[in-house]
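The values are calculated or read from the model by the stated rules, or taken from the named source; none is laboratory data. Nothing here was measured: the structure is a model prediction, and the numbers come from that model. Here the Cβ positions follow ideal geometry from the backbone for every residue, glycine too, while neighbour counts run over all protein chains shown.
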Amino acid sequence: MSLLAVLEPGGSAATALYIVAFSLFIIGIKQGTHPTTAKRGNQIAAVGMAVAIVTTLLLDGIGNWGLIALGLGIGTAVGVIASIRVQMTEMPQMVALYNGVGGGAVALIAWSELRHGISGINSGDIASIPLEELIPTLFAAVVGSVSFWGSNIAFAKLQDLIPTKPLSVPGQQVINGVLLIGILAACVDIAVNNGDPSQAIFIAILLAAALLGNLVVLPIGGADMPVVISLLNAFTGLSAAAAGFALHNVALIVAGTLVGSSGTILTMEMATAMNRSVGNVLFAGFGGAPAGGAAGSTEERPHVSIGAQDAAIKLAYADTVVIVPGYGLAVAQAQHAIKEVADELEKRGVTVNYAIHPVAGRMPGHMNVLLAEADVPYEQLKEMEEINPEMPRTDVAVIVGANDVTNPAAKNDPDSPIAGMPIIEVSEAQQVIVIKRSLSPGFAGIDNDLFYEANTSMLFDDAKKAAADIAAEIQNL
Amino acid sequence: MSVMTEVTIFVLAAFVGFEVISKVPTTLHTPLMSQTNAIHGIVMLGGLIVVGYANDPLEYVIGTIAIAFGAINIVGGFMVTDRMLGMFSKKPKPKADADGKAGK
């Protein structure tokens, strides 16, 4: 065993190898800025990880090899099986789960660090745990535990194990506030008594943070999941960086910070795309109090309903078609059927593009992955800012399983609950076809004015079946 | 390494992170997220270190679970990202594939 222990922890050789590792992470992410180089970038980052792991295994003081092998074996087996079996529609769940286990690992490491410090005090090696280690340890414990439990709730909601509707108890904000203050007070107590920190209080902190993680995510509705997943991603990153401070490990600090930056950027982008602040998402369940006036008008408004054949004719004789996919497309697993429609249209010389709203799907960029899975070339995937100016020149816009992100009320009605939310401006197109099961409102709980506009036709059906029917009808034309 | 050196590294890493990641296009945000999941698996290093000085059954269990969690992140994260990014790279036309089969 001592043969392996060749590197001094914190020594120049180990630090140099860690620098190589995190440089490879940064290069890997940088390559991830273009679809053609991203795969290689991912491999470069994986090499960086291998360097970091081997370096750590060579450190003096690494032991209990049986346990290391056991942990590595279990983790690798689970990781391999999960990554092969997961469906692309399930990626949000998977990322939520990975956020969770990452946060959980950090919380456990923090607990172990504290026990190590306490045993050092008991054996007389140190008089107290230095605050520069204790404070990051506490931070890692709290944020890690919140991330673990919050992510598990997010996973359960995405997997439909618990209702995706906002669940809350009366006075929830007060309970959350009290929990947070209690956690902070307990952390201060441990930090002040750093010569004799109480492990019992530390465990209480872990438990209170677990409860807080549950309570914060439970009231958040399904439509806000892109924000929540991104935020938990940022949290786990910061907790890893904190663990790096506690262990004086530069690779952990840099890698954790990179993940934290990524999660923060995505959180802000998602919140902007919904025209809401992160605080609003976390503390005011969307649609929790749907404005009775807007949603309540149940009287039938006139709308045009068409069948697959009419839709096929409209599409086949168009020059330019824009497809606007939403989460309903993912639920119906209709991405392949839609691609067939696009293929048929392209055979007839129609230009087909896809307009992707930033929050289409259940996590950032989710819709792009689903369409890539169906072999849609990424050049046809257009971002909202890119496609909106093209809308007036578009002959037909086809909306599949999207709702709120196309509602013109966001632009036209300052009193609408979604006022100011950036939308795909489909009502600018010459004609609009909406494939949807019914006229029911989307997550925001409000009627979509688009359905009642003169140039809009509704095709009431399951997205997958409708797309397959349209593709068949186009072939028959 | 002093605390202030570590803070310096943290701040600079945050700037680098924001600079690089803000250039990742929306199309690749889901792979970016699963890749950062994998990079987050770096916490396994912490698990390896704490299990080294574990000396009672509870610490053995905590450390081993931490290592397993980290390994799930690393292996699962990199592999699923690789799978997703494979879908974004150009594929040979399915028709060519059918012709090839007919030829053989």
| said: Condition first: within 30 Å of A:Leu371 (Cα to Cα) and small (Gly, Ala, Ser). Now tell me which residues in segment B:18-60 satisfy that. | reply: B:Ser22, B:Ser34, B:Ala38, B:Gly41
| Tell me, which residue of segment B:27-55 that is buried (at least 24 other Cβ atoms within 10 Å of the Cβ) and not in a helix (DSSP H, G or I) is nearest to the other protein chains (Cβ to nearest Cβ)? | B:Ile42
| remark: Flagged in segment A:317-351 as under 23 Å from A:Met384 (Cβ atoms) and under 21 Å from the mean Cα position of the chain (by Cα), in numbering order, are A:Val324, A:Pro325, A:Gly326, A:Tyr327, A:Gly328, A:Leu329, A:Ala330, A:Val331, A:Ala332, A:Gln335
| request: Collect the residues in segment A:9-45 that are at the interface with another protein chain (Cβ under 7 Å from one of its Cβ atoms) and polar (S, T, N, Q), keeping them in residue-number order. | output: A:Thr33, A:Thr36, A:Asn42
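Only one residue in A:Ile126, A:Ile53 is within 28 Å of the chain's Cα centre (by Cα), free of Cβ contacts under 8 Å to residues at least 12 places away in the same chain and closer than 27 Å to B:Asp56 by Cα. Which one?
Details: A:Ile126 fails: within 28 Å of the chain's Cα centre (by Cα).
Residue meeting the stated conditions: A:Ile53.
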| query | Of all residues in segment A:61-99 being under 18 Å from A:Ala50 (Cβ atoms) and hydroxyl-bearing (Ser, Thr, Tyr), which is surrounded by the fewest Cβ atoms within 10 Å (Cβ to Cβ)? | reply | A:Thr76
| query | Out of curiosity, is A:Ala242 among the hydrophobic types (A, V, I, L, M, F, W, C) and either at pLDDT below 95 or surrounded by fewer than 21 Cβ atoms within 10 Å (Cβ to Cβ) (or both)? | reply | no
| query | From A:Ala208, A:Ala200, which residue is part of a helix (DSSP H, G or I), farther than 20 Å from B:Thr36 by Cβ, out of contact with any Gly (no Cβ under 9 Å at 6 or more places or on another chain) and not β-branched (Val, Ile, Thr)? | reply | A:Ala200
| query | Which one is nearest to A:Gly365 (Cα to Cα) among residues in segment A:1-50 that are surrounded by fewer than 23 Cβ atoms within 10 Å (Cβ to Cβ) and of a type in the set (Ser, Thr, Tyr)? | reply | A:Thr33
| remark: Scanning segment B:56-83 for residues that are at the interface with chain A (Cβ under 7 Å from one of its Cβ atoms) and either more than 17 Å from A:Leu97 (Cα to Cα) or modelled with pLDDT under 95 (or both), the one surrounded by the most Cβ atoms within 10 Å (Cβ to Cβ) turns out to be B:Gly63
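Quick one: which helices (runs of 4 or more DSSP H) sit completely within segment A:246-331 and have at least 2 residues that are more than 14 Å from chain B (Cβ to nearest Cβ) and modelled with pLDDT of 85 or more?
Working: elements: A:250-273, A:278-283, A:292-296, A:308-316, A:327-331.
Correct list: A:308-316.
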| query | All but one of (1) within 14 Å of A:Glu113 (Cβ to Cβ); (2) within 13 Å of chain B (Cβ to nearest Cβ); (3) of a type in the set (A, V, I, L, M, F, W, C) hold for A:Ile205; which doesn't? | reply | (2)
| If you check every pair at least six apart or on different chains, which have Cβ atoms under 6 Å apart with a residue in segment A:78-98 that is under 12 Å from A:Ala154 (Cα atoms) and more than 7 Å from every other protein chain (Cβ to nearest Cβ) first and a residue that is among the small types (Gly, Ala, Ser) and surrounded by 22 or more Cβ atoms within 10 Å (Cβ to Cβ) second? | A:Ala96/A:Ser151; A:Ala96/A:Ala154
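Going by what's in this entry, would A:Asp224 be described as acidic (Asp, Glu), within 19 Å of A:Leu138 (Cβ to Cβ) and more than 13 Å from chain B (Cβ to nearest Cβ)? Show your work before the answer.
Details: acidic (Asp, Glu): yes; within 19 Å of A:Leu138 (Cβ to Cβ): no; more than 13 Å from chain B (Cβ to nearest Cβ): yes.
No.
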